[in-house]
Structure formats: C-alpha cells, structure tokens
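Working notes for the structure below.
The values are calculated or read from the model by the stated rules, or taken from the named source; none is laboratory data. Small disclaimer: the values here were computed from a predicted structure and weren't measured. Here the Cβ positions follow ideal geometry from the backbone for every residue, glycine too, while neighbour counts run over all protein chains shown. Please note that ligands, DNA and RNA were not included when accessible areas were found on the heavy atoms of the full protein model with its side chains. Shrake-Rupley method; radii C 1.70, N 1.55, O 1.52, S 1.80 Å.
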Amino acid sequence: MTTAPALDGKPRAAVDAAQVAVRSRGYWATVALRVRDDKVTIVCGIVLLLIILSAVFADLIALADPYKASMLKRLKPIGTPGYPLGADEMGRDMLTRLIYGGRLSLFMGISPIVIAFAIGGSLGLVAGFLGGRVNMLIMRVMDIFYAFPSVLLAVAISGALGAGIGNAIVSLTLVFIPPITRVTESVTTAVRSLDYVEAARASGAGSLTIIRVHILSNVLGPVFIYATSLISVSIILASGLSFLGLGTEPPEPEWGLMLNTLRQSIYVNPWVAALPGAMIFFTSLTFNLLSDGLRSAMDVRL
Amino acid sequence: MHNPAHAGTARSPLVRAEDVTVRFESRDATVQAVNSVSFTLDPGEVLCILGESGSGKSVTLRALMRLLPPRRSFLTGRIEIGGRDVLAMSERALADLRGTEVGMIFQEPMVAFDPVYSVGRQITETIVRHEGVGRPEATRRALDLLERVRIPSPARRLRAYPHELSGGMRQRAMIALALSCRPSLLLADEPTTALDATVQIQILLLLRELQRELGMAVIFVTHDVGVAVEIADRIAVMYGGRFVETGPVGQIMRDPRHPYTRGLLTSTVHGSLRGTLLEAIPGSPPDMTRLPPGCAFAPRCRYAEPRCEAPPPAVDLSPRHMVRCVRAA
Amino acid sequence: MSGGADTRAGGTRSEGAQGAGPQGGGARSGSAAPPLLEVRDLRKHFPVRGGILNRTVAWVKAVDDVDLHVRPGEVLGIVGESGCGKSTTARLLMHLIRADAGRVTFDGALVQADDAAGLREVRRQMQMVFQDSYSSLNPRLPIEETIMFGPKVHGVSAGAARERARELFTLVGLDPAQFIRRYPHELSGGQRQRVNIARALALEPRLLILDEAVSALDKSVEAQVLNLLLALRRELGLTYVFISHDLNVVQYMSDRVLVMYLGKVVEIGPTADIYERMQHPYTEALLSAMPSMDPDRRTERPPLTGDPPNPINPPPGCRFHTRCRFADDVCRRAEPRLAPVQGAGGGTGGDGRGGRDGGNDRNGGNGRNDTGGSHLVACHMRAVGSGHGLAPG
C-alpha cells in the first residue's frame, strides 16, 4: 500500500492494459496525418513552394535579363521562340519578369504580415494578459484603425508617406496590426482564464514565465493560422499599391506594377497583359487555400 | 430487454429496441458508441440507463428519436415506439411523434427553449401545433401545466423568458413543455445532473409523481446510482456501449451480478465507509474508438479469464434479470 | 498521523511530513497545536456591472466575513450548493484573487497580499487541485513538463525537477516510463487528475486545497482518486481543505466539516456532529436531500422547496430565512453569528460519541481529539443564548 492502493496486487496488469488502450497519436502527428489526406492543401503547398523557390532562385532559373528591353520584340505573343510567355511593352521577356516579379511581390506581401504578427501579436498578448485599462487603451486605438476599409487605409498611409517599397511595407503593416491584435487579444483572454494558468500562478510563477510557458504555446497557433490567411490579402494590397504607383517604381519587375504598365496594351495582346494579374490571383488563392487547409488540420479537439 | 414477453404481461410493449447500433465517424477515428442494444419498455414503466461518461447511454436515448448528427452517425437495428417503426419514418412523421407521443427533457434546459420567445408562448405553440386546439384553450392548458410542475406564480412565469428563470424553474418549465401534449413516453437525459442536491431531489420527486399520475413510461439516463434508485422501476447498466446488466431496481441494488455493476456500487462513496479503503474499479473507462471484440470490461475486471475475449453471452438469471458475463452462465 | 513511521514512509518528502510531525507525535495534545491556516473575516464581493455606463449596479456577496481554521494534519471539508462561495473561498485562500477584507495566517505568520516573496513562499506550501482535470493542464505541454514547471520556477534545476517528476508519477500511481512524454488529451480523466495531484505535490506543500477535485470523475474512478488522496495524506503528512458539493464524499474524507450558504458559514464542526447532530436547518435540509440509495425507502418529501436565492444582493438577516421552515421575525432582521451549539458546551466531538469515527486507522486515534470539538452554528434558533431553543429536527 505504498502509492495508489487501487493499483496494488493482481489488477495491475489490467490497469496497464487499459492505460495503453487510451494512448493515441500526438498533436503534430495528427495534424500531419490530416494534411497528408488533404489533397487540395498538398497541391497548394507544392505550387506555392515552386513559386517561392523560383522567386528566390530567379538568378539561376531565368533565361534572360529582366531589364533588357528590345523595341523589336515588343508585345510578342505567348509562344514566340525565346519568349515562352511573350514579351512586354518594352520587349522584355515576360517569363523572366514574372519570375523576378515574384521576389518583390512576395516580399511586399509577406513581410508586412510578419512584422504585423510580431507587433500585433505582442500588443494583443499584453492587452489580453493584463486586461483592465491597458486592454482598454490598446483595443480602443485598434478600433480606430479598424474603422477604415483596409484598402483605403493602405492607400492613405502610403500616399502620405510617399511612394517606395519601404513605405508600402510600413503602410501595409499598419493595416494588418489591428486585426492581428484583436485576434491575439481574444485568444489570450480565453487562455488566461483557464485553470492551468491559475495553477501556474499558484505555483508562484511570474507573469513573464507564465506567458512564455503557458500562454504563448496556446495562443501562437491560432494567431499564426489567422496571419497566414491574411497573406493573400496582403499580396493583393501590395500589388494594388504598386499598381497605383505607390509601391515599387519602374523598371523594377513587380506583378502589380507590371499589370499597370501593360494596361495600355490590353487591346494589343490581352493574354500577355493578363499574366501578372493571373500570378497575383493564383498566389493569393493558393495562400488562402493552404491556410484553410492548415486551419482545419490544426483544429484538433484536444 | 432481451426477453420481450416477460411473465404475466399480455400488453404489447411501448418501446421495442433490437440490436440498436450507433457508430460515429470523424476524420480521425470511428467511435462505436452503442453496440447491439436490445430492450423493451412497457407502458407506464420507468427504465433507468445507468452508465459512466462515454458509456453510450445518452446516444442510446437519442437514437430512439433519431436525434443524432445525420452525416457523421450511422444507426442500425430496429426501433419501434407504439408499434411504429422509427427508423422507417419520414422526418415529418418523426417530428410529429416527438411532439405528441414522446416528450424529451435534457440536462441543459436552454436547449429546449428558444431564447427569444416567452416560456408560455412556446408551450402554447406546441399545444396548438400538435393538438389543433384554439389559443385560449392552449393558454389555459399551459397555465395548468406550470401549476402542475409547481412553478410558483405561474401566470407571471408564463410571460417570462427562459433566461429570466432560475435553474430549477427552467428545468420545471422544460418538463411542462415536454408534457404539453400528454406523451406516453418521456425521454430524460440527465435532467438533474446540473442541479444542486436540494433542487435535484425536488425535480426527481416531481417527475416520479407526474409519471404516476399520467401513467407515462420514462427512459431516464443518469450516471448517478442514487438518482436511479430514486426513480427507476428497472435499471439497465451500460458499459462500453452495451447493456451489461438489466433488472428490477431492487435486484440490481441488492444482488448485482455483473462485476462492473458490483464495482460501481462498491465504489459509490457512502459516508459510512469512513476509515475504510474504498473498493475502486482499477483502470480507466474504455476507449470507444478501439473497443475489444469481447467483453469491454475485461481489461479492468478482476475475474477476467480467456473466455472474456469472445463477446459475452446475455444470460437470463430470471425473466427480468439479464447479465452479460461469461461467469453468470 | 501515527508519528515517526509515517515520516519515514514519506521518504523524499521528509520536510513536509515533519511539518505535521510534532503534532502527530504529541497525539493527545493535538488540540493545542496552533492552526496551520487561519482565516478571519474573509470577504469578497464581486461587482455586477450593467447599464450603458457599465456602472456597478449590484454586488455578489460571494464570501462574506468567513472565519475558519485548519489544523495541521486534518481534513477540513467545505460543503454547499453552487453559488455558496466555496470555490471563491478556495481561490482567496490561494491568493489567486484579492480579498476585499480579511486576515489569512499561515503557520503563524500573517500573509500579506503585497509581499510578493512571502506570497510565493506561502503558495509553495499551499497548493490547489482544480475540478476540471482537463483545463487545469496545459494541452501543449507534455505532462512531465507541467509537473516540472513549479519546481523550476522555484529554482530547482531541470535535471532535479525531472527526477522529482518521475518520483511523483510513481507516487500517484502512474508508470513514469509510460506516461511522462504524454500530452493531457492522451490520458483519461482519472489519470489527468492524478497528474494534477502530482503537480500540486511537486512543490512539497503542507496544505492541499482540493476544489471539487473528484466531482468531474466517474464514480469508479472517483474511488481510486479518493483512496490515493488518503494514502498521500497518511504518507506525506498532508493537510487538506476538501471542497465538494457531494456530501457523501465530504463525510468520507473529512475530520471537520464547514457548511456554507450564500457566502456565509452556517455551521462548522466535527464530521460526526455535522452528519448526526446537525443543528442548522440548512444543514439538515442538505443532508436529507441526499439520495436514499435504498429502493424500498425512497425519499418521499423534498426537504426544501424552491431554488437557492440569487447570490446577488442576498436577503437581509439570516440568509436562509427565505427557505427556512423555522424562520421567525428575528431571522428576517438580524444576521446570526456563529456560536457554540446549545447544551453542547465546547466538546461535542470528543466525549466518547465519536466512536464511529474514532478508532479507525486512518485517523490514528488522533484526528478526533484534535478537532477540539467546537461545533458552531449560525442560527438564532439553535445557538447558545438565542433564547429560543427548538429541539433539533
């Protein structure tokens, strides 16, 4: 009768058998298994990976120089020898420019989310964990930003700051901080009131330790998924800013900007003119589907 | 129960369930919630399905009224209520049955009521819809029902919204709603579990009294032996989705034959056991996604033997007492 | 506590066991032992906000001037219905929420809410097990890490904490080899509650507050956990505050029982006195609401009618007067104070009547005398000097 009386004597083996029976897969194993079964998510992941890799290794893949113009090759149709996807209004190789364009477009789309995730996540964590007046202050400021439609806000801030990649990223970051803060705050508030956080406090741990060990691990997941779902919006907004001349400037290859400069050629060679738009569309769509797939895979009832 | 025509009753049973099996499928696992449950219930009889969490007791109850999530659950077997085949019924006929012949009460009364209408209006609507009487008559009946379930100042409470009532009052109002069309069968899913002890006993006594007055049959699902003893004529003990023992309440309490029933009774704490070690059942309840093919209790049973690896036989100790255990044979 | 043998049996936990040691050793002088935990005039009122301005429109008097003490090595049971303030009391004792008023003394030293270091030390010696075994474990942490967390916070190295976690797993009846790397969702309810107990023990506390710790468990598993709790108490010399709505379980576990109603203590005394010679009409009602467990002698009449009143703005005078069949004018006007039971002097619990609970090995013949026998009741009708003197129902 040393430890648990019920476990003494003969039934022990039986107990252990029962314990083994309860054993199931770990969380990440379940998530991985679910992703494996989800074809749409797999395909989206692969497509996205290809887009990203080709943008990163553009120097190795691309056949031509993205800046090399040629008056003779202007607006060549798709399939022209040496120009598999045709040429743009300056006679530059479309395929090359689309590959290189991915660099800026993805960078301008993803980096605001990464920065907003860091800033908004921290703000939401602080607001949710501390509650009270701090929460009130942070959340009311966010509400003010929230009152504007995101496109309008991005254009307004970019316009005020002036054109340029840096300014475009700053404005997009400001657009995405409020929604991320809000989601983080609500998740944190829910987690904070759970018994295990109380138990951690009862064991004498300080706030920072509790946040690090108990809150972050439970808040990051849902906020991360939410942030990935914003990337698609961000890519569209970034391209939009460039399209309006508030982002990159010519002759840089960037999908939004390319769409703008090819705009006049739409009656001459509509297929080539539509290509940058198609890239924006597909990238944004795959990001969206991937984030949806992740969301449902990670929604394991623990 | 397993023995349909029991001694001396010529009446046909009100409920007859045969080989009722329910499976839930999700993307990660299949839960074998109910495994071949058979029983009959006579008019005016109170059957308690007693079992612990996850034993399949609530699912069995819901299966009787086909109240299971449609796409994820698979229900097979045969269920007859008042001689009609429930599994063959159209949705419409089923809805009709739910309102008239069968009343239901739940653990959480808020699920039975629509929060945007007053309690009185909801009871009145039910009466009008199912019995086709006029509104004044229905209102009178509703008032009568609230009086019957002992809600103080019933006229005022008729106009109250569900959230304005206290827990016990809400439970009473739900009972009134369930009784509004004079059902011959009441299905009760842990209706007293969320209540405080002093309120729980009031509700139990009320149910017992109404059952006697109205001659209703009741199937009452609970995890609490004490509650079952207060209300049941007959108890069905459920474990791992099976009825492991059924019998009259006195017999089950005095002479439980299944090792699980015995364990359940000895591990129910009485103050009088003070200072003694409780006889607990070792181990944990079974994982319903991987039930053993044989007796689900065997892994925790101190009498387990090789024979338990095959499905245990249903042994009739008397016409009304069934045990599903190899040792009883 | 039968003295030294237990201390040794406690092994690694000698420190905690010694805390109760002197008292356990001095068997008969037990009643002189100073309380381990003492609470005076504990109060917590929660504001109820409403209206468009979010102003305070009412107060929930969750805990209202509660006095209690817990002696080393004893189990104090707290019973009451939902909303009576028992869980709030637990959280106040743990200083998880700030009290509006009251003095908490632990082991003779006053606990101050502002003294961070002092609070930390008190929290080390006083730990809590919550009702919901699931929400009290971090779902993203292997349970081993959860148990190591407390010791690490208190400066124990990771290696030593891991070692300690393994010992604790064995202590609560879980095989470390099988369990340490598991996540909470991979355990059954009973196993999770064992982990919660292990976590609470990881800091080697002297007092455990068990807030409905077995209420969510199935009966068959509840018995296992109760056995475990009693074994741990005996081996480690622990003191428990055992909070539950289940009167059977409280009777089984406790040396003394405290009954709460709407934020007030209505009756407190040795277990046998409360269960057999209860004085307060509410205690009486609560006890007769227990299911009979005998199909031939079913309960015929409910002891109380109606629901417990809303704890928001509770009734004046005796809070139970709205449901009490003895209620009198004085009950509606004046709030009764806790006072010794009529004709019982101070020693109801002692004088030979505790036989049913005495002599058992669990209390080691000590628990009974230890209670000092003060049976107090807060009722105008039943307390000494009330001038009424109704015979107990």
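Under the definition of partner shielding as Cβ atoms of other protein chains within 10 Å of a residue Cβ, what is the mean value for peptide B:291-299?
Neighbouring Cβ atoms belonging to other protein chains average 2 per residue here.
List the residues whose amide H sits under 5 Å from the amide H of B:Tyr239, counting only those 5 or more places along or on another chain, with H placed 1.01 Å from N in the peptide plane.
So B:Tyr239 has HN proximity to B:Val244.
Per residue, how much accessible area does the range A:27-298 have with a 1.4 Å probe, in Å²?
Result: 46 Å² per residue.
Express in whole angstrom the spacing between the alpha-carbon centres of the range C:75-147 and the range B:253-329.
What the calculation gives is 38 Å, centre to centre.
Among the lysines, which have Cα under 25 Å from the Cα of C:Lys44 when same-chain residues fewer than 8 positions away are ignored?
Output for C:Lys44: C:Lys61, C:Lys86, C:Lys264.
Enter the accessible area per residue of the range B:197-317 (Å², integer; probe 1.4 Å; all protein chains in place).
Using a 1.4 Å probe on heavy atoms only, each residue of the range B:197-317 averages 33 Å².
What's the average, rounded to a whole number, of partner chain beta-carbon atoms within 10 Å of each residue's beta-carbon in B:175-188?
Counting other chains' Cβ atoms within 10 Å and averaging over B:175-188 gives 0.
What's the magnitude of the charge dipole for the protein assembly as shown around its Cα centre, counting Lys and Arg as +1 and Asp and Glu as -1 at the beta-carbon? Answer in Debye, nearest 20.
Using Cβ point charges on Lys, Arg, Asp and Glu, the protein assembly as shown gives about 520 debye.
Of the listed peptides B:90-98, A:211-219, C:189-197, what is their order by residue-averaged count of other C-beta atoms within 10 Å, with the highest listed first?
The densest-packed peptide leads the list: C:189-197, A:211-219, B:90-98.
Take C:Thr170 and A:Phe224, extend 7 Å from each Cα along the Cα→Cβ direction, and tell me the distance between the two endpoints in nm.
Reported label-point gap for C:Thr170 and A:Phe224 is 3.7 nm.
Could you check the simple spin-label distance between B:Arg182 and A:Thr261, using points 7 Å along Cα→Cβ, in nm with one decimal?
Label at B:Arg182, label at A:Thr261, 8.7 nm between them.
Which cross-chain or sequence-distant (5 or more) residues have an amide H under 5 Å from the amide H of A:Leu85, H modelled 1.01 Å from N in plane?
A:Gly79, A:Met94, A:Leu95
Could you run the numbers on buried accessible area between A and B, total for both chains, 1.4 angstrom probe, in Å² to the nearest 100?
Chains A and B together bury approximately 1200 Å².
If only Cα atoms are counted, what is the Rg of the range A:216-268, and what is its Dmax, in Å?
Over the range A:216-268's Cα set, Rg and Dmax evaluate to 16.2, 55 Å.
Please give the FRET efficiency for A:Phe107 paired with A:Ser70, using the beta carbon to beta carbon distance and R0 = 25 Å, rounded to the nearest 0.05.
0.35
Taking the Cα centre of each part, how many Å lie between the range B:166-212 and the range C:211-252?
30 Å
Under the classification rounded if a/c is under 1.5, otherwise prolate if a/b is larger than b/c and oblate if not, where does the range B:92-189 fall, given a ≥ b ≥ c as square roots of the Cα gyration tensor eigenvalues?
Cα axes put the range B:92-189 in the oblate bin.
Multiply the residue gap between C:Gln178 and C:Val48 by 0.36 nm, knock off their C-alpha separation, and tell me the result in nm, one decimal place.
Using 0.36 nm per residue and subtracting the Cα-Cα distance, I get 42.0 nm.
Which number do you get for Rg(Cα) / (2.2 N^0.38 Å) in the protein assembly as shown?
Working it through for the protein assembly as shown, the quotient is 1.11.
Between B:Met104 and residues 5 or more places away or on another chain, which pairs have amide H atoms under 5 Å apart, with H built 1.01 Å from N, and which residues are they?
Answer set, sorted by chain and number: B:Leu187.
Just the number, please: percent antiparallel of the DSSP beta bridges in the range C:184-296, rounded to the nearest 5.
So the antiparallel bridges in the range C:184-296 amount to around 55 percent.
As an exercise, use a Förster radius of 30 Å and the Cβ-Cβ distance of C:Ala116 and A:Thr189 to find the FRET efficiency, rounded to the nearest 0.05.
0.80
Using only DSSP helix segments of four residues or longer, with each worth -39500 (n - 2.57), what per-residue ellipticity at 222 nm results for the protein assembly as shown after dividing by its residue count and rounding to 500?
Theoretical 222 nm ellipticity from helices: -13500 deg cm²/dmol.
For B:225-232, what's the mean count of beta carbons from other chains sitting within 10 Å of each residue's beta carbon?
Across the residues of B:225-232, the mean count of other-chain Cβ atoms within 10 Å is 4.
Using the Karplus curve 6.51 cos²θ - 1.76 cosθ + 1.60 with θ = phi - 60°, work out ³J(HN,Hα) for each residue of the range C:220-233 in order, rounded to whole Hz, and write x for Gly and Pro.
Karplus values, whole Hz, x for Gly and Pro: 5, 8, 3, 4, 4, 5, 5, 4, 4, 4, 5, 5, 5, 4.
Report, to the nearest whole %, how much of the accessible area of the protein assembly as shown belongs to carbon and sulfur atoms, 1.4 Å probe, protein only.
Percent of accessible area from carbon and sulfur atoms in the protein assembly as shown: 57.
Please give the peptides A:107-113, B:132-138 ranked by average Cβ packing (other Cβ atoms within 10 Å per residue), highest first, as a rough proxy for protection.
Descending packing order for the listed peptides: A:107-113, B:132-138.
How far apart, in nm, are two points set 7 Å out from the Cα along the Cα-to-Cβ line at A:Leu53 and at B:Glu147?
Roughly 8.1 nm, to one decimal.
Mind checking how much accessible area C and A bury in total, 1.4 Å probe, in Å² rounded to 100?
3300 Å²
Between rounded, prolate and oblate, where does chain B land on the alpha carbon gyration tensor, with a ≥ b ≥ c its root eigenvalues, rounded for a/c under 1.5, else prolate if a/b exceeds b/c?
It comes out prolate by the Cα gyration axes.
Under 14 Å from the Cα of C:Lys219, which aspartates and glutamates turn up, not counting those fewer than eight places away in the same chain?
Counting by Cα, and skipping residues close in sequence, C:Lys219 has these aspartates and glutamates nearby: B:Glu52, B:Asp224, B:Glu279, C:Asp246.
What total accessible surface area, summed over both chains, is buried at the interface between chains C and B, computed with a 1.4 Å probe and given in Å² to the nearest 100?
3700 Å²
Projected area of the range A:27-298, taken from the Cα convex hull and averaged over every viewing direction, in nm²?
For the range A:27-298, averaging the hull's shadow over all directions gives 16.9 nm².
What list of ³J(HN,Hα) values in whole Hz, one per residue of the range B:216-226 in order, does the Karplus curve 6.51 cos²θ - 1.76 cosθ + 1.60 (θ = phi - 60°) give from phi, with Gly and Pro shown as x?
Whole-Hz 3J(HN,Hα) from phi for the range B:216-226: 6, 8, 10, 10, 10, 9, 8, 9, 10, 4, x.
Highest mean first, what order results for B:305-316, C:315-326, C:88-99, C:215-226 on Cβ atoms within 10 Å?
Averaged packing, sorted descending, gives the order C:215-226, C:88-99, C:315-326, B:305-316.
Can you work out ³J(HN,Hα) from phi for every residue in the range C:181-198, in order, using Karplus 6.51 cos²θ - 1.76 cosθ + 1.60 and θ = phi - 60°, giving whole Hz and x for Gly and Pro?
With coefficients 6.51, -1.76 and 1.60, one gets 8, 7, 9, x, 6, 8, 10, 7, x, x, 5, 5, 5, 4, 5, 4, 5, 4 Hz.
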